[in-house]
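Student: One structure follows; several queries about it will come next.
The values are calculated or read from the model by the stated rules, or taken from the named source; none is laboratory data. Remember, predicted model here, so these are calculated numbers, not experimental data. A quick note on method: Cβ atoms are made from the backbone with ideal geometry, for glycine too, and the neighbour counts reach across all protein chains shown. Heads up: the accessible areas ignore ligands, DNA and RNA and are worked out on the full protein's heavy atoms, side chains in. Shrake-Rupley method; radii C 1.70, N 1.55, O 1.52, S 1.80 Å.
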Amino acid sequence: MLESDSRDLSDLAPIARRPWRVARRRQTGLSPWQSLPEIQPFPRWARLDGAAGGAASAMFVAGAGIAYLDQLLRSGVDVSSAGRDSVDVSRAGKNFGVEPVFSHALRQRLALKAAATCARLARLREDAAALRDAEHLSGVGVDTSPAGRLHRLFRLFASRAVKFDAQTLSAAAEHIGAPSAFDAQGIAEALRQTVARANDPLAAAAAVSARAMHDLAAVPAIDAEIFVLWLADAALAQKLGWQAPVPLLATVIAHPVLRRGPNGRRPRPGDRDWSNALASAYALAAGEAIDLAAALSRQTQKLLDAAPKLRAKGAARVIEMLLADDCVAPARAAKYAKLSDRSARRLFDRLTELGAVREVSGRPSFRLYGL
């Protein structure tokens, strides 16, 4: 149904901006990135309409949304010519298949949303703000809560390609607290065969989630469901050839528009009409992800435009951190960029003043900054 190499669904034209000269790199050491493609608004006709319903319409809008998102994730600019004296913006978009520079931040922000939704489903206490604090203000390698482990599940596997092998599935099962009797080898083999037989990405996601839910009968229902939501995104990414999964299904599975029946029951992977519900969920999730990507693209351009104005020697590394994650703590940035704590705080104050980043914690201390 969807073709990963389709190039006609979105119009990602480059913004006409002055080339970023290498001479300006003397202040920050940054690569001369080109101007980012302008992401066109996702059309209203391709968005999920809860009142319309119907399997055909759900499949149609899901296909449109996933294809648009696939196009967006291939709309980046190849910066391999960083050694030249200037960057030719006329070549923007001709190296089709490169991810935009904000793609990691997009995945990690969606990972936070997915984890917060799953924590609510599992009746855990932490909300998105608490999960963000636990991840970014704690030390590296520090143990965390069950909700924090869910966050790490989506964060970890949104940063690399996912293979359906025993090692990967066992690591994922540990994050959700699955029992040690989890048959990772058998499930991995079954999932690989399921993905190979699927005709299109949505069919792969539906088949993998339904098959896994059956194989995880011994796992507590909510744990199995969360695991299956993650598996569906992994199968979708494999079929589309994405560099890493994009957390989608878990971000919207509890959305009111997806509830059906007189009691407003949310869809579950074991339902008889799961494939239709999954299509509706992906239609909704894709639209929200595209909106978020458009906002991150605009904010990223502000960050890149502000970079030549920064005097701190470690500014380039801090910008790399901001582009790679949901948010950054000044203390962690200071350690990574080899800055003093005071210099790091001043750098983030300057970035905030320039409108390049925003403070996301809403606190006067222990602040966190992101795109």
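Student: What are the residues in segment 42-71 that are farther than 14 Å from residue 289 by Cα, modelled with pLDDT under 80 and either open to solvent by less than 20 Å² (accessible area, probe 1.4 Å) or not in a helix (DSSP H, G or I) (or both), if any?
Tutor: Within segment 42-71, 49, 50, 51, 52, 53, 54 meet the criteria.
Student: Give 244, 250 a once-over and let me know the one that is open to solvent by less than 50 Å² (accessible area, probe 1.4 Å), part of a loop (DSSP other than H, G, I, E, B), at negative phi and modelled with pLDDT of 90 or more.
Tutor: Values: 250 fails: part of a loop (DSSP other than H, G, I, E, B).
Only one candidate qualifies: 244.
Student: A further question follows. Tell me which residues, restricted to segment 117-140, are in a helix (DSSP H, G or I) and either in contact with a strand residue (DSSP E or B) (Cβ under 9 Å, 6 or more places away or on another chain) or in contact (Cβ under 8 Å) with a residue 24 or more places away in the chain (or both).
Tutor: Within segment 117-140, the first condition is being in a helix (DSSP H, G or I), and the residues that meet it are 117-121, 128-136.
Once the filter is applied, which keeps residues that are in a helix (DSSP H, G or I) and either in contact with a strand residue (DSSP E or B) (Cβ under 9 Å, 6 or more places away or on another chain) or in contact (Cβ under 8 Å) with a residue 24 or more places away in the chain (or both), segment 117-140 yields 117, 118, 119, 120, 121, 129, 132, 133, 136.
Student: Would you confirm whether or not segment 292-309 contains a residue that is within 18 Å of residue 100 (Cα to Cα), in contact with a Lys or Arg (Cβ under 7 Å, 6 or more places away or on another chain) and surrounded by 18 or more Cβ atoms within 10 Å (Cβ to Cβ)?
Tutor: Looking through segment 292-309, none of the residues is within 18 Å of residue 100 (Cα to Cα), in contact with a Lys or Arg (Cβ under 7 Å, 6 or more places away or on another chain) and surrounded by 18 or more Cβ atoms within 10 Å (Cβ to Cβ).
Student: Please verify whether segment 148-163 includes one or more residues that are of a type outside the set (Ser, Thr, Tyr) and over 21 Å from the mean Cα position of the chain (by Cα).
Tutor: Let us first name the residues in segment 148-163 that are of a type outside the set (Ser, Thr, Tyr), namely 148-158, 160-163.
The next check asks that each one be over 21 Å from the mean Cα position of the chain (by Cα); those that pass are none.
No, because not a single residue in segment 148-163 is of a type outside the set (Ser, Thr, Tyr) and over 21 Å from the mean Cα position of the chain (by Cα).
Student: Would you mind stating whether residue 188 is surrounded by 21 or more Cβ atoms within 10 Å (Cβ to Cβ) and either part of a helix (DSSP H, G or I) or modelled with pLDDT of 90 or more (or both)?
Tutor: Details: surrounded by 21 or more Cβ atoms within 10 Å (Cβ to Cβ): no; either part of a helix (DSSP H, G or I) or modelled with pLDDT of 90 or more (or both): yes.
Taking the combined requirement at face value, the residue does not satisfy it.
Student: Could you tell me whether segment 271-279 includes any residue that is under 19 Å from the mean Cα position of the chain (by Cα), within 28 Å of residue 246 (Cα to Cα) and open to solvent by less than 10 Å² (accessible area, probe 1.4 Å)? Give the steps one after another, and end with the answer.
Tutor: Filtering segment 271-279 down to residues under 19 Å from the mean Cα position of the chain (by Cα) leaves 278-279.
Subset that is within 28 Å of residue 246 (Cα to Cα): 278-279.
Next cut, open to solvent by less than 10 Å² (accessible area, probe 1.4 Å) only: 278-279.
The answer is yes, given that some residue of segment 271-279 is under 19 Å from the mean Cα position of the chain (by Cα), within 28 Å of residue 246 (Cα to Cα) and open to solvent by less than 10 Å² (accessible area, probe 1.4 Å).
Student: Of all residues in segment 347-371 being in a loop (DSSP other than H, G, I, E, B), touching a strand residue (DSSP E or B) at 6+ places or on another chain (Cβ under 7 Å) and without any contact (Cβ under 8 Å) to a residue 60 or more places away in the chain, which is nearest to residue 312 (Cα to Cα)?
Tutor: Per the stated criteria, the residue is 357.
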